[in-house]
Amino acid sequence: MTRRIASLLVALTLAVACLHDGQASWLGAPKSIAPGVDLFQTTDTTLVDPPAPIAVYLLRLDPDRVVIESALSNDEVMDAERVDGIAKRRNAIAAVNAGFFNVKNGEPAGLLKIAGELVSDTALTRGTIAIHSLPGGGQRFYFDQASAKVVARFKADTQDVTVPVDGVDTTRERGKLMLYTPAYHADTDTATNGTEWILDGKPLKVVDIRKDLGKTPIPRAGAVMSFGGLELTAPLEWLLPGTTVTFETRWKILNGTPEEHFEQARDVVNGAGLLIRDGVTMSDWLGKENLQPATFTDVKHPRTLIGIDRKGMLWLVAIDGRQPDYSMGMTFKDLLTLCARLDLVNALNLDGGGSTTMVAGGALVNKPSDVTGPRPVSDALVVRAR
């Protein structure tokens, strides 16, 4: 009898512990995908207001066992690729879609830094996550609202010149100055009627100037500056062969994260809607991120989310939507309900809609809303073993 009572007490203690966890009672048992990677699924209608059909897929990641990285489609900025293709090519345990992008050409539409290189800039402040790689394989994550633009610096005779760059690794426009890095493509993919400066060496120097040619090859350890037009004005007309050029990223960060955390980050991924930062629930997404309530924050959409809970576990979440009999999607209010259930202390809404895709163990686990299946995207967050 004593042994039986002891067994019941142990079972009761474990059950109470699970309930105090705040997750097991509604998430149920996970499916183990790999060491440190657990997949949950829930159709709990109380996650949305008013209650409605909902399908949520959640990956819980142990940062002591896995790393999470940003990955480009086809390993370059140009064009797009499905998340399952990115995951397979990167030999990833799991992956979700990540940043916003131009669906017409696959180019990122917000901040994106890959392997230490800024490959997409923006003047529009949006929710972001900066990922640091630490010695020994660990990682650190910083959530904030940020934007960044690049300037080029060089000397003309003895005069220091600073020129704003209008866009990084993006389609050139008439009268605009663009910077193309090796991450973009083998060449600039530009038309004629432009002026392009090839930069190479350490430090970077102008090694050639090409006019009215387009599609300039990008040196693997260099870059190309490209202006949409042939008539140059000062100071671009002073940019001559042999000139040393440096680039500076100017960050705007709203909530106090030190600039060096973004500057030194391995990866920076853009989202739209910083939900929680350091335990504080965010608001005023219209004022700070220009997110419209009538079309975005207050409308139920498919969503993708990244967060960190109070125990330091990482969560990647895919919420299906736009399928009324199966899953309606979530508003930002619903997302905050989900974040509270998961006890998240940091959370960022990533690209969603038809882009929302989750891959785990080599298989697509959610049901993307596009009738044609998973949408090709510009970049993904991939999970690999440490």
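Here are the numbers for this structure:
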quantity	calculated
Looking only at the range 264-280, and only at residues there that are assigned to a loop (DSSP other than H, G, I, E, B) and not charged (D, E, K, R), the one that is farthest from residue 348 (Cα to Cα)	264
Among (1) closer than 22 Å to residue 143 by Cα; (2) open to solvent by less than 20 Å² (accessible area, probe 1.4 Å); (3) outside any helix (DSSP H, G or I) - the single one residue 312 does not satisfy	(2)
Residue, farthest from residue 221 (Cα to Cα), within the range 157-191, restricted to residues that are in a loop (DSSP other than H, G, I, E, B) and of a type in the set (Ser, Thr, Tyr)	158
Evaluation of residue 60 against (1) in contact with a helix residue (DSSP H, G or I) (Cβ under 6 Å, 6 or more places away or on another chain); (2) closer than 20 Å to residue 131 by Cα; (3) not hydrophobic (A, V, I, L, M, F, W, C) (one fails), failing number	(1)
Qualifying position, being surrounded by fewer than 16 Cβ atoms within 10 Å (Cβ to Cβ) and over 19 Å from residue 103 (Cβ atoms), among 362, 373	362
Qualifying positions in the range 17-63 - modelled with pLDDT under 95 and open to solvent by 60 Å² or more (accessible area, probe 1.4 Å)	18, 19, 20, 25, 29
Among residues of the range 41-81, those that are assigned to a loop (DSSP other than H, G, I, E, B) and among the hydroxyl-bearing types (Ser, Thr, Tyr), counted	1
Only one of 69, 76 that is at pLDDT 95 or above and more than 24 Å from residue 134 (Cβ to Cβ)	76
Subset of the range 126-183 (residues that are within 30 Å of residue 285 (Cα to Cα), open to solvent by less than 10 Å² (accessible area, probe 1.4 Å) and of a type in the set (Gly, Ala, Ser))	127, 130, 146, 147, 148, 167
Test: residue in the range 290-300 that is among the acidic types (Asp, Glu), outside any strand (DSSP E or B) and either open to solvent by 40 Å² or more (accessible area, probe 1.4 Å) or at negative phi (or both)	yes
Test: residue 230 is open to solvent by less than 70 Å² (accessible area, probe 1.4 Å) and closer than 23 Å to residue 149 by Cβ	no
Residue match in the range 344-358 (condition: touching a helix residue (DSSP H, G or I) at 6+ places or on another chain (Cβ under 8 Å), farther than 28 Å from residue 86 by Cβ and assigned to a loop (DSSP other than H, G, I, E, B))	no
Filter result for residue 152 (at pLDDT 95 or above, over 23 Å from residue 316 (Cβ atoms) and over 12 Å from the mean Cα position of the chain (by Cα))	yes
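The values are calculated or read from the model by the stated rules, or taken from the named source; none is laboratory data. Keep in mind the model is a prediction, meaning the values are calculated, not measured. Cβ coordinates were reconstructed from backbone atoms using ideal geometry, including for glycine residues, and neighbour counts include every protein chain displayed. For the accessible areas, the whole protein counts, side chains as well, though only heavy atoms, and no ligand, DNA or RNA atoms are used. Shrake-Rupley method; radii C 1.70, N 1.55, O 1.52, S 1.80 Å.
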